[in-house]
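Colleague: For reference, the structure I am asking about is given below.
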Amino acid sequence: MRAAIIGAGPAGTLSALNLYEKAEVIVFESKQSPGFPVKCGGLVSSDCFEELKKYCRVEKALLNRIKGAFFFSPSGKFAEVTGKTGGIVIERKILDSMLLKKAGEVAEIRMKSKVLAVSGNRLKFASPEGENYITCDIILGADGTESTVAVELGFERPEIFSGKQYLIEFEPMKKNMVELYFGKRYSDGFFGYSIPVSDDLARVGVVSRKNPSAYLERLLRSHPSVSERAGKSIIEVNLGAVPIGIVDFVGENAALIGDSAGMVKPYTGGGIYYLLKAAEVLGEKFPDLHEFKREYMRRFGKEYRIGEKIRRLYDIFDDRDYDSLIGIARDIDFSRIHMDRPSTALEALPRLLRIIKNISLSSKVLMAFLDL
Ligand SMILES: Cc1cc2nc3c(=O)[nH]c(=O)nc-3n(C[C@H](O)[C@H](O)[C@H](O)COP(=O)(O)OP(=O)(O)OC[C@H]3O[C@@H](n4cnc5c(N)ncnc54)[C@H](O)[C@@H]3O)c2cc1C
C-alpha cells in the first residue's frame, strides 16, 4: 500500500512517522525547507511538549517555559490566571526541521515538489526535473490552509482568519507569562497576544477575521499597557492564515490533516497539539479513513464544539464585559482548566454565572453556551 502525504509541515511529518509501518510513504513538499517563513507563536502546552518527545529531541527547540497568562481588558485592566498545565515556547524552525529529518528516516521525502493536481488516486506534481505523475492508494492533504488537495477533491473549507506577529523588543509583565489582549479595538473576532521568548523579546501578534496589520499597529501604539512596553526594533515579521472550524476531513481514499482540515483550537488558533493527536489516530486506524475520522471526532469533537462557543464570545463581548470579567477573575478557579481541553472550562461555568452581577453579561455567556 502506498500513501502520498502532501506537505512536510508538522501534520505531514507526524503523519509519516505514524504511518510508515503500515504503508510505503512518500511526502511531497513544495518548499526547499518547511517551517520557513515561520507562521507560528510556538506556544504549546507542556503536555503537548512531552508528547512531542516521542518523535524528536524537542528540548532543542525550547525557548521559554510559561506558567500562565495575563488577561487584559481593552482599558488595560488585567487578571493573572494559571490553569492546569503550563506552556512551552518553542522555535518552530527547529521543530519542523527535526521532524522532517526523522520522517526522512522512514519515508521518502521529495522536497521542491509541488503537487499541482489530484485526480482519483493520481497526483500531478512539479519538481526541478519537470512535471510528473504518481499513483497511490491513499492521499493525505497536510498542505496547510491553502490546501491543493482539499480544493482539487472538493472538500469543504474552514473559515479563514489572519494572523500577523512581530518578534519585537518587549518588556513582559513576567517572563514566564503570556499576555492576551481582548476587545474589538484589537481584533475582529479574536485577540492580540504576546509570548515572551526572553527577558526583552516577545512574539507580539494579533489574530483577526480581517486586517490584522492595522489591529497589531493599534495594539503596539495605543494599547494602554502594551504601548508602554513595546520597543521599536522589529526583528522578524510573520504572517499566516488561521483556519477556524474543523471540516469533514475524509473522502474517498483521501483525508485532510492539520490546518488543511481546520484542526486548530478555535479559541486560540493553536494547531500543533490537535494535529499531533490526529496523526496518532490516523496511524492507529490506517488504512480505514472513516474509522480515523470517527475515532478522532469521538476524542476531540466536543473540544472543537466548545472551543467554537468560546471563540463566539469574542464576537459577542463588548469592552465593558471584559472589564467586568477581569474584575471577578480572581474568584474563579482556573486550576482545573487545561489549555488544550476547553471542555474543562465548563466546570467553571456555573460558578462564573453565579458571581456575574451584570445581567447582560451573564445572558451573553448563556447565549453562547445554551445550545451545547
Ligand atoms: C500567526 C500564527 C501564530 C500561531 N501560533 C501558534 C502557536 O503558538 N501554537 C500552535 O500550536 N499553533 C500556532 N499556530 C498554528 C500552527 O502554526 C499551525 O496549526 C501549524 O503550522 C499547521 O501545520 P500543518 O502541517 O497543518 O500546516 P503547515 O505548517 O502550513 O505546513 C503545510 C506544508 O505544506 C506545504 N504545501 C502546501 N501546498 C503544497 C503543495 N501543493 N504541494 C506540496 N507541498 C505543499 C507547505 O509548503 C507547508 O510546508 C499559529 C498560526 C499563525 C498563523
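The values are calculated or read from the model by the stated rules, or taken from the named source; none is laboratory data. Quick caveat: nothing in here was measured; it's all calculated off a predicted structure. Here the Cβ is made from the backbone with ideal geometry for all residues, glycine too, and neighbour counts use every protein chain on show. Heads up: the accessible areas ignore ligands, DNA and RNA and are worked out on the full protein's heavy atoms, side chains in. Shrake-Rupley method; radii C 1.70, N 1.55, O 1.52, S 1.80 Å.
Condition check ((1) open to solvent by 10 Å² or more (accessible area, probe 1.4 Å); (2) at pLDDT 95 or above; (3) within 11 Å of the ligand (Cβ to nearest atom)) across all residues:
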| site | (1), (2), (3) |
| --- | --- |
| G42 | no, yes, yes |
| S45 | no, yes, yes |
| E51 | yes, yes, no |
| K54 | yes, yes, no |
| E59 | yes, yes, no |
| L62 | yes, yes, no |
| F70 | no, yes, no |
| I88 | no, yes, yes |
| R110 | yes, yes, yes |
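Colleague: For region 1-28, give me the residue count where each residue is within 6 Å of the ligand (Cβ to nearest atom) and touching a Lys or Arg at 6+ places or on another chain (Cβ under 7 Å).
Modeller: 1
Colleague: Could I ask something else about it? Does region 264-301 hold any residues that are of a type in the set (G, A, S), near the ligand (Cβ under 10 Å from one of its atoms) and assigned to a helix (DSSP H, G or I), and which are they?
Modeller: A278, A279
Colleague: Could you look through region 116-147, keep only residues that are of a type in the set (A, V, I, L, M, F, W, C) and more than 20 Å from F286 (Cβ to Cβ), and pick out the one that is least open to solvent (accessible area, probe 1.4 Å)?
Modeller: F125
Colleague: Among the helices (runs of 4 or more DSSP H) contained in region 1-116, which hold 2 or more residues that are of a type in the set (A, V, I, L, M) and either under 30 Å from S222 (Cβ atoms) or over 17 Å from the mean Cα position of the chain (by Cα) (or both)?
Modeller: 10-19, 92-106
Colleague: Restricting to region 99-127, name every residue that is without any contact (Cβ under 8 Å) to a residue 60 or more places away in the chain, among the aliphatic types (A, V, I, L, M) and within 21 Å of N253 (Cβ to Cβ).
Modeller: The answer is L116, A117.
Colleague: Now, a different point. Restricting to strands (runs of 3 or more DSSP E) lying wholly in region 158-207: which have 3 or more residues that are within 16 Å of G68 (Cα to Cα), open to solvent by 30 Å² or more (accessible area, probe 1.4 Å) and not assigned by TED's automatic domain parsing to the domain that holds F78?
Modeller: Counting at least 3 such residues, we get no strands (runs of 3 or more DSSP E) at all.
Colleague: Within region 334-357, which residues are open to solvent by 50 Å² or more (accessible area, probe 1.4 Å) and within 25 Å of the chain's Cα centre (by Cα)?
Modeller: S335, R336, M339, R341, E347, listed by residue number.
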